[in-house]
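A short reminder: the numbers here are calculations on the coordinates, not readings from a lab. It should be emphasised that the depicted structure is a prediction, and the values quoted were computed from it without experimental measurement. As a convention, Cβ positions derive from the backbone with ideal geometry for all residues, glycine included, and neighbour counts pool all protein chains shown.
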Amino acid sequence: MGTPHTIAVAGKGGVGKTTTCGMIIDYLCKKKAGPVLVVDADANSNLNEVLGVEVETSLGDIREEMAQAELRGDAIPAGMTKADYAEFRFNSALIEEDDFDMLVMGRTQGKGCYCYVNGVLKTQIDKYAKNYRYLVMDNEAGLEHVARGTLPHVDTMLLISDCSRRGIQAVARLAEMIDELGLKPGQMGLIVNRAPGGVLDEGVKAEIEKHGLTLFGVLPHDEAVYRCDCDGEPTAKLPDSDPVKTALRDIMAQLGI
């Protein structure tokens, strides 16, 4: 299938980044644009909840289990090298759903583990990516994985903010960091989330212009999405007529996705 179109979603905690990411995945699946590989690379994320997916294990969990087994002196199965066994275990972390597959990085304990699991994540992505048409990655606020080159290239970088000036300032810092790292995504812009009535305040508009950010679109505040978030229900399962889903569909279509 070649190289997938890679969409990276970033933004600070609490702005609805993961919910938006889940809806993008839902949009791609409904459009039959797949196959889609979903990567949850934010240790604090609950993208699986947004998508309604059960996660049995993450790359971090497997790393931890293997480290504990090594301390106990548990033997690696006969006829397998340590590297083969690690590969076999990490392969089991791929969650296969009807419309998409998912890799969860998860949390890691101890010093140095983050780099190790980051390396594993990169290896797994490199191995699987060619089998997918789209790769969607939910990043943590610091863009660790994008900065470390975990993704081969970002085609569409979506910076998610709430509709506050502080939120826009935080996204502007992310945009600066992306420039400084020389990442050069194919297209990069801002999606503002939870705007009352789907309309931006003049002060927020001025802040976006001041920082030279490209505004891809605005998502309205939506009670149904808010309720799903509060109750831990999957927002991806909301009806397609939902105002946030409708607005996001328009944004994705404008971006040629």
By the DSSP-based rule, helices of the chain that are at least 18 Å long along the axis (C-alpha) and have a mean Kyte score of at least -0.5 are 17-30, 113-128, 165-180
Listed by chain and number, the residues whose amide H is under 5 Å from that of Val154, excluding neighbours fewer than 5 places away on the same chain and using placed H, are Gly186
At the level of C-alpha centres, the distance separating region 1-65 and region 201-236, in angstrom, is 19
In whole percents, the bins of 10 Å from zero upward hold the Cα-Cα pairs of region 59-188 as 10, 35, 31, 17, 6, 1
Mean-square fluctuation maximum in Gaussian network of the chain, Cα pairs under 10 Å, restricted to Cys163, Cys21, Cys228, hits Cys228
The relative contact order of region 187-257, taking Cα pairs under 8 Å that sit 6 or more residues apart, comes to a percentage of 32
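Tell me what the chain gives for mean residue ellipticity at 222 nm when only DSSP H runs of n ≥ 4 count, each as -39,500 (n - 2.57), the sum divided by the residue total, rounded to 500 deg cm²/dmol. Can you show the working numbers first?
On the way: 10 runs with 109 residues, N = 257.
Per the formula, -13000 deg cm²/dmol.
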Once amide hydrogens are built 1.01 Å from N within the peptide plane, the residues lying 5 or more places from Gly11 or on another chain with amide H under 5 Å from its amide H are Ile160
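Where does each of 187-195, 217-225 land if you order them by average Cβ count within 10 Å, highest first? Write down the numbers at each step before the final one.
Working: 187-195: 21.7, 217-225: 18.3.
Taking the mean over residues of other Cβ atoms within 10 Å, the ranking is 187-195, 217-225.
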Of the listed pairs Lys31/Lys210; Lys210/Lys245; Lys17/Lys210; Lys17/Lys82, those with alpha carbons more than 27 Å apart are Lys31/Lys210; Lys210/Lys245; Lys17/Lys82
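Throw me the Rg/Rh for region 102-257, computed over C-alpha atoms with Kirkwood Rh, two decimals.
Values: Rg = 17.1 Å, Rh = 17.4 Å.
When Rh is taken as the Kirkwood radius, the ratio is 0.98.
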